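So the structure is just underneath, and the comments pick up after that.
The values are calculated or read from the model by the stated rules, or taken from the named source; none is laboratory data. Not measured: the values here are computed from a predicted model. All Cβ positions, glycine included, derive from the backbone under ideal geometry; neighbour counts span all protein chains shown. We work out accessible area using only protein heavy atoms, side chains counted, and drop any ligands, DNA or RNA first. Shrake-Rupley method; radii C 1.70, N 1.55, O 1.52, S 1.80 Å.
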Amino acid sequence: MTQGDFFAYVIDILEELNIPYMITGSVASMAYGEPRLTLDMDVVIDLSKEIASDFCGKFSDDFYVDLESILEAIRYSGHFNIIHVPSGSKVDFFQIKKDAVSQEMFKRRQKESFDEKRTAFFSRPEDVIINKLIYYKEGKSEKHLRDIRGMLEVSGDKLDVSYIDKKTKELGLYQYWQELNKQ
């Protein structure tokens, strides 16, 4: 199973079990920007404890999946991962947070083409940019700025810049956003 096959398999399970989700992070930035190497896929998920066991049961012995870590993530709005052991490919799941910003971004998610066979829910490009700015502010990793630049290059004319302006001001990220727009 390739990394792409694994990611598609996870999407199929989420869809089959009607688990609300959205792809974020580098996979989402590549959907709206330029391709780059990634080691994992980040997914915000609204998983209930009632379906957690069914979700785990969809993964065979080829996968590392831990029900207790999933239940803990549900309880504390934390994260867990599933790893395809033979390939080392990983999906990081982040249980949806209860704060207004996270809830709003989740409601704004949209269907986009994932591969030639399926569509999937993705974070909107504006929200990917905002999250990348949050991560940049926290860790100063240049990869987040490169991802944003790629998105601006490919999808810049389709972005709701007024939304990004408003949200980056609210979240104390506007200076970073302004710097990117000067380049």
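Of note:
- In the elastic network of the chain, a GNM with C-alpha springs shorter than 10 Å, the most mobile of 37, 145, 14 is 37.
- Note on the chain: helix-only mean residue ellipticity at 222 nm, from DSSP H runs of 4+ residues weighted -39500 (n - 2.57) and normalised by residue number, equals -16000 deg cm²/dmol.
- Region 38-77 - convex hull of alpha carbons, volume per residue in Å³: 88 Å³
- Subtracting the Cα-Cα distance of residue 162 and residue 179 from their residue separation scaled by 0.36 nm leaves 4.5 nm.
- Once the Cα-Cα distance is subtracted from the 0.36 nm per residue extended length, the residue 16 to residue 108 segment shows a gain of 31.0 nm.
- What a 1.4 Å probe finds exposed on the chain is 48% carbon and sulfur by accessible area, rounded to a whole percent.
- Surface accessible to a 1.4 Å probe, per residue, for the residues of region 82-183, Å²: 55 Å²
- For region 15-122, the C-alpha radius of gyration sits at 1.07 times the compact-globule guess of 2.2 N^0.38 Å, with N the residue count.
- Mean Cβ neighbour count within 10 Å, used as a protection proxy, ranking 77-83, 127-133, 94-100 highest first: 127-133, 77-83, 94-100
- Net charge of neighbours whose Cβ lies under 11 Å from the Cβ of residue 127, counting Lys and Arg as +1 and Asp and Glu as -1: +3
- Residues in region 17-22 carry Karplus couplings, in order, of 8, 6, 8, x, 7, 8 Hz; the curve used is 6.51 cos²θ - 1.76 cosθ + 1.60 with θ = phi - 60°, and Gly or Pro positions show x.
- Debye equation applied to the C-alpha atoms of region 85-183, log10 I(q)/I(0) at 0.24, 0.25 Å⁻¹: -1.46, -1.51
- Each peptide in 85-93, 106-114 was scored by the mean count of other Cβ atoms within 10 Å over its residues; highest first, the order is 85-93, 106-114.
- Mean projected area (nm²) of the alpha-carbon convex hull when region 44-104 is viewed from all directions: 4.3 nm²
- Antiparallel bridge percentage (DSSP; both residues within the chain; nearest 5): 70 percent
- Spatial separation of Cα centroids for region 1-49 and region 156-183, in angstrom: 25 Å
- Scaled to the globular estimate 2.2 N^0.38 Å, the Cα spread of the chain, given as radius of gyration, is 1.04.
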